[in-house]
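Enquirer: Pasting in a structure now, in C-alpha cells, and then I'll have a few things to ask.
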Amino acid sequence: MSCVSPHVPDGRQSGCKKLAWFKPSDGARVRVLVWTCDCLAMVYELCQAGGQGFIRRTLQNEDAPEIRETHRWPLGQAREIWATLLTGMAR
Ligand SMILES: [Zn+2]
C-alpha cells in the first residue's frame, strides 16, 4: 500500500512558524481543496469557505476526533501557508 497524499514532516524545522489553532467555527459551507495522508494520526486539510482559505487539522482519536482550524486568510495566502506547512516550516 502506498500513500498518495503528502505527509507533514515529523518534528519542527528550525525557524518553524507557529500557527494559531482554534476550535472550529460555525457550519458554514466549506470545500476541502487538498489534504495530507490519513495514515498519520494528524490529518491537515486546506479548506475554502467563500473567497477565503484556512487550514483544518484533525487528530484522529478513536472516540472523538479533535478538530482545530486556523484563522481565515485570502485564498492565495492560505495556499502559501499550506505549502509552508507541508515543508515543515509551519505547524
Ligand atoms: Zn501516508
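Read-outs throughout are calculated quantities, based only on the coordinates presented, and are distinct from any laboratory measurement. As the structure is a computational prediction, the values presented were derived from the model and not from experiment. Because the Cβ atoms are built from the backbone with ideal geometry, glycine has one as well, and the counts that use them run over all protein chains shown.
Enquirer: Condition first: within 16 Å of the ligand (Cβ to nearest atom) and surrounded by 12 or more Cβ atoms within 10 Å (Cβ to Cβ). Now tell me which residues in the stretch 6-39 satisfy that.
Expert: Step one: filter the stretch 6-39 for residues within 16 Å of the ligand (Cβ to nearest atom), giving 6-10, 34-39.
Selection gives 6, 7, 8, 9, 34, 35, 36, 37, 38.
Enquirer: Only one of (1) assigned to a loop (DSSP other than H, G, I, E, B); (2) of a type in the set (S, T, N, Q); (3) more than 16 Å from the ligand (Cβ to nearest atom) is not met by residue 84, so which one is it?
Expert: The one condition residue 84 does not meet is (1).
Enquirer: Turning to a different aspect of this structure: Six or more apart or on different chains, Cβ atoms under 6 Å: show the pairs whose first residue is in the stretch 1-14 and in contact (Cβ under 8 Å) with a residue 60 or more places away in the chain and whose second is of a type in the set (Val, Ile, Thr) and within 12 Å of the ligand (Cβ to nearest atom).
Expert: Between residues of the stretch 1-14 that are in contact (Cβ under 8 Å) with a residue 60 or more places away in the chain and residues that are of a type in the set (Val, Ile, Thr) and within 12 Å of the ligand (Cβ to nearest atom), the close pairs are 6/36; 8/36.
Enquirer: In the stretch 50-66, how many residues are assigned to a strand (DSSP E or B), surrounded by fewer than 16 Cβ atoms within 10 Å (Cβ to Cβ) and hydrophobic (A, V, I, L, M, F, W, C)?
Expert: 1
Enquirer: Is there any pair linking a residue in the stretch 40-56 that is within 17 Å of residue 66 (Cα to Cα) to one that is of a type in the set (Gly, Ala, Ser) and in a loop (DSSP other than H, G, I, E, B), with Cβ under 6 Å and at least six apart or on different chains, and which?
Expert: Pairs that qualify, where the first residue is within 17 Å of residue 66 (Cα to Cα) and the partner is of a type in the set (Gly, Ala, Ser) and in a loop (DSSP other than H, G, I, E, B): there are none.
Enquirer: Looking only at the stretch 1-38, count how many residues are of a type in the set (A, V, I, L, M, F, W, C), within 19 Å of residue 75 (Cβ to Cβ) and assigned to a loop (DSSP other than H, G, I, E, B).
Expert: 4
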